[in-house]
Structure formats: structure tokens, C-alpha cells
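As C-alpha cells, the structure follows; a few thoughts come after it.
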Amino acid sequence: MRCSSLSNNLVPVLLLLASQLRLCVSFIPPSSSSAATSKITSNNNPSSSWNPVALHASSSTSSSDESTSSYSSLQSKKRRNLLQTALIAPYLTVTTAITTTPQVASAAASEKPPPIIPLLTTAKRLRTVPLFAIVDGNGTPFHTYDKDSAGGFGYFFTSYISAEYILDDAKKAFEKAKLEAEQKKEAGDTSSGAIGEDGTGEVPDTWGQARIVTVPLDVAMQLSVKKTQSVATNAKARKFNTYYQVIPATEDLNAAMRIDSGQRFKERGRVPLFFVDGLTLPSNEEGLDRVTPAFFILKDLVTEWKKQYPDSDLPKIQVRELNETFRSMITPAGRDKSVKDLVFVANSESVARAKDCARSYKLGEMILTK
């Protein structure tokens, strides 16, 4: 009953949030063919068969995930079902707003209590954080095929170095897959394709042009709670469900699990945010003098504390979770007052690297990999 009520309250709020978000990433529209158009659908069926925790690609999850997979699956499904039921509006595509006009969204939102902070403020705070994704030369993202969900998982990395590591590793895997595909072809083995049982056995020769692009956090957060479909360009133009997750740096995920010894950060898809009591930053928001920073990178928190308080010991480091924080910021009549002055501090190195990255990320198409 509680989840159902929350979902209904979130609908107009997220409509308004989506109408206010303007993409600062330069999305490439899919091809003119209707088969290549990104399709957004709501997930009102809680018994949906896809498994959001069955991932293949992340080096930033520890081996301890194996022992908690059942718990992780249950909790992830509950959380995603809640958010997807709420997010029933079409998502922003290319550089335009959703089909629901801001006027209609505003009227709908006015019928419910407002969130604890203005939605536009939430959008601006998220947008300051650059994330990184891997795409081909045309901006088509690489997704990992998941057999359990029969869908593709796309990833946004908080650290440029993490994305770079995955790209290098993927290129090596590509060379191996290409060799295996050639051997199967020579042997006349067509029993199993590269992507699912109906997929093609050919390995796309695209990794040579693969690159890292930057995508702002506001875009990634909306994609992560939406159910979308995209065309797999290397799987006979078939449509697959697509899911997105933000991937933290390995060392920071491990640090979060040391701070929070519970199950939360052993669950895949969790992103830690580090903070300490007493640490604030000057605010550039009207009516707010100081803000409380939440850091994606633990070492950045330590550096900032030493900068402000060189002669004082670092207080006890605390950790909160990105998806939970986002939900608290947009929930109508939210009660978590800690988010009122909370801002997100990106990886300092990633901010610098993002300036040199392209911003081309194609929606509606993908390249599926094992």
C-alpha cells in the first residue's frame, strides 16, 4: 500500500522534473527508420521477468556479490518497480523536452505537495556531475547482453579511469571473440550466435573506433529508472529492453562497504556518496549561503577537509546512496531534510577529463556484447 501511494504521488512530480531538464549532452538521434526509434514504456507489472542485478560487465563490484545475489535481486526489483511505475512519461529524446508540456506538468504537479527542494534545483545539482560511457565512432553505445533479462545493460562510470579500464579490457575481449567467431565459421558451427539464440554469429568490427564520451548525471539518473527499448545494430536490428546503471569506482565501492557493513553496497547498482558532519561549501544558489557536499570519490572529501581544517582531525566519514538520495529529493512532501542543502561533488579528475570528451551518445540504438 505504501509503495503504491508513493508511486502515484511521484508521477506528476517526475513529469515536471523531466520537462525542466534540458540535456547538455549532444544526443545523436536514431536513424529515421521506425525500428531505430527509442521506445519508452512503463513497467506496471511487478512480476516482470527481467533481472536487474544479473550484470556481466562491471569490475567495480566485489566477489561478495555472489553470496547476496538473492537478496540483491529482491531489493533491486522492489526499488526499480517502484520507480518505473512512477516514471510513465516519455523521456527526453535528442534535444527536445518530453511530449507532456511544462504547462500541463506544472498543473498536474500542483495537485500534489511539492518536493522538499525545487525540481529545477535538483536537475541543476545533478547536471554538475559528468559521467562517462563507451560508444563507437558514431556515438552508438555498447551494452552488455544479459541472458536472464534478454536485454542489454548500459553503464555510466563515475570515473574516467574506470571507463578507460573497461574499454581497454573490452578491446582485448573483442579480439578474442573475433577469433572464436572465425573459428566457428570455418567449422560450420552456427548453433549459437554472439547475441542470444537468435543473434548473429558475426562480431561487429567496431571496437577499433570505440571511444569514451561524457554524459551528465541528470540524464543518467532518468535513464536508470526508465524501461526503454533499443535496436541492436549487430543483432539483425532486433529490439531489446535496455537498462542503465551508474558504476562507481572500485576503490570507493569497497570503502563504502567498509563504512556500511550491511547489505546495501553489496547490491549491484548502488553508488556511494561520502560526507562528514561540519563540512560545507559556499553556495551559488539564491537563498542558500552554504551547502553540504556529498562526494563520489572518498579522497576528494579528505582533500577538501584538509584544505578547510588543516589542523583538525577528520570526523567520522559517513556514506549515503545515490539512488536513495535522488528519490528523497523528488518525492512529494519528502521528509528527508538532509537533502535540502545537499550538493553532489564529482570526481575532480573526471571533471577535467570531461572537458576533452565528446558528448555524442545515441539513443535508440546499441551494440550488444557478451
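The values are calculated or read from the model by the stated rules, or taken from the named source; none is laboratory data. A quick note: this is a predicted structure, and the numbers were derived from the prediction, not measured. Cβ coordinates were reconstructed from backbone atoms using ideal geometry, including for glycine residues, and neighbour counts include every protein chain displayed. Just the protein is used for accessible areas: all its heavy atoms, side chains included, with ligands, DNA and RNA removed. Shrake-Rupley method; radii C 1.70, N 1.55, O 1.52, S 1.80 Å.
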Hey, can you tell me all the residues within segment 284-335 that are open to solvent by 50 Å² or more (accessible area, probe 1.4 Å) and more than 25 Å from residue 351 (Cα to Cα)?
287, 311, 312, 313, 316, 333, 335
Do any strands (runs of 3 or more DSSP E) entirely within segment 210-283 hold 1 or more residues that are among the charged types (D, E, K, R) and open to solvent by less than 40 Å² (accessible area, probe 1.4 Å), and if so, which?
227-232
Residue under question is residue 360, and the condition is that it be within 19 Å of the chain's Cα centre (by Cα), of a type in the set (Gly, Ala, Ser), closer than 22 Å to residue 283 by Cα and open to solvent by 20 Å² or more (accessible area, probe 1.4 Å); does it hold?
no
Considering each residue of segment 295-316, count those that are in contact with a helix residue (DSSP H, G or I) (Cβ under 7 Å, 6 or more places away or on another chain) and free of Cβ contacts under 8 Å to residues at least 60 places away in the same chain, and give that number.
4
Taking first residues from segment 159-187 that are under 19 Å from residue 131 (Cα atoms) and second residues anywhere that are open to solvent by less than 30 Å² (accessible area, probe 1.4 Å) and among the small types (Gly, Ala, Ser), the pairs with Cβ under 7 Å that are 6 or more apart or on different chains are 159/249; 159/350; 160/350; 162/60; 162/249; 167/210
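Conditions tested, residue by residue: (1) under 30 Å from residue 152 (Cα atoms); (2) aliphatic (A, V, I, L, M); (3) at pLDDT 90 or above.
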position	(1), (2), (3)
235	yes, yes, no
240	yes, no, yes
267	yes, no, no
275	no, no, yes
299	no, no, yes
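Here's the yes/no breakdown for (1) surrounded by fewer than 23 Cβ atoms within 10 Å (Cβ to Cβ); (2) at positive phi; (3) of a type in the set (Lys, Arg):
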position: 135; (1), (2), (3): no, no, no
position: 139; (1), (2), (3): yes, yes, no
position: 143; (1), (2), (3): no, no, no
position: 148; (1), (2), (3): yes, no, no
position: 152; (1), (2), (3): no, no, no
position: 158; (1), (2), (3): no, no, no
position: 167; (1), (2), (3): yes, no, no
Across segment 284-296, which residue is modelled with the highest pLDDT among those that are assigned to a loop (DSSP other than H, G, I, E, B) and hydrophobic (A, V, I, L, M, F, W, C)?
296
Selection from segment 164-218 of residues at pLDDT below 80 and in contact with a Leu (Cβ under 7 Å, 6 or more places away or on another chain) yields 195
